[in-house]
Amino acid sequence: MTLVVALTGGIGSGKSTVSERFASLGAPVVDADAISRELTAAGGAALDAVLRAFGPDVSGADGDLDRSALRRLVFADAEARKRLEAILHPLIRQRMLARLGAIDAPYAIVVIPLLFETGQTDLADRILVVDLPEEEQIRRVRARSGLDSAEIRRILASQVDRKTRLVGADEVIDNSGDYATLLAQADALH
């Protein structure tokens, strides 16, 4: 039986870096965001439903999803975010469960950024939170994606607060230090 470890954390916390490290150590990784991108890519199972629900404002010139426009819309409008989640979350969960069910390994990582927000803690045997102070999250997201502070704060406001994540964690990786320290913490848990 494979131990399932849910990896979560707020935007800009370092989830991708940590999941990549576990993958490099041989752990199978199932990533909810990657599944979401698959579902909304050209020909994806959710693309038509998303475009129908949100209309031409989120459709790119080529008919594909304009992810930036959709992000701005759903983080500015809680009802729009709920509509999007109603379309995507059941499909994402279904694919995560199928992929986890096919894994034969001592443990697997399932990356779920909105683990607590979506009530999916039942998918995991253990919960690993990647944590750092909110101001550092904002700085890193701004540097990585160029989003302005106001948009980053809207995204943060849609996520559970840091304290809630930490209370729900079985293990915590502190990402307030340097890259080597971050990797060493993942290695120790592995």
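The values are calculated or read from the model by the stated rules, or taken from the named source; none is laboratory data. Here the structure is a predicted model, which is why all the values come from computation and not from measurement. Positions of Cβ are backbone-derived with ideal geometry, glycine not excepted, and every protein chain shown enters the neighbour counts. When the accessible area is computed, the model is the full protein with side chains, heavy atoms only, and any ligands, DNA or RNA have been set aside. Shrake-Rupley method; radii C 1.70, N 1.55, O 1.52, S 1.80 Å.
For the condition assigned to a loop (DSSP other than H, G, I, E, B), within 14 Å of the chain's Cα centre (by Cα) and free of Cβ contacts under 8 Å to residues at least 60 places away in the same chain, Gly119 qualifies. Annotation: of all residues in the stretch 72-86 being closer than 17 Å to Arg153 by Cα and assigned to a helix (DSSP H, G or I), the one that is least open to solvent (accessible area, probe 1.4 Å) is Val74.
Would you point out the residue of the stretch 15-44, among those that are part of a loop (DSSP other than H, G, I, E, B) and at pLDDT below 95, that is farthest from Arg71 (Cα to Cα)?
Result: Gly43.
For the stretch 15-29, a residue qualifies if it is touching a helix residue (DSSP H, G or I) at 6+ places or on another chain (Cβ under 6 Å) and either without any contact (Cβ under 8 Å) to a residue 24 or more places away in the chain or more than 17 Å from Asp104 (Cα to Cα) (or both), and the qualifying residues are Val18, Arg21.
Mind listing whichever residues of the stretch 107-122 are surrounded by 19 or more Cβ atoms within 10 Å (Cβ to Cβ), under 15 Å from Ser158 (Cα atoms) and of a type outside the set (Val, Ile, Thr)? If you could, list the steps in order and put the result at the bottom.
Filtering the stretch 107-122 down to residues surrounded by 19 or more Cβ atoms within 10 Å (Cβ to Cβ) leaves 108-113, 115-116, 120.
Subset that is under 15 Å from Ser158 (Cα atoms): 112-113, 115-116.
Within the stretch 107-122, Pro113, Leu115, Phe116 meet the criteria.
Going through (1) open to solvent by less than 60 Å² (accessible area, probe 1.4 Å); (2) part of a helix (DSSP H, G or I) one by one, Ala143 falls short only on (1).
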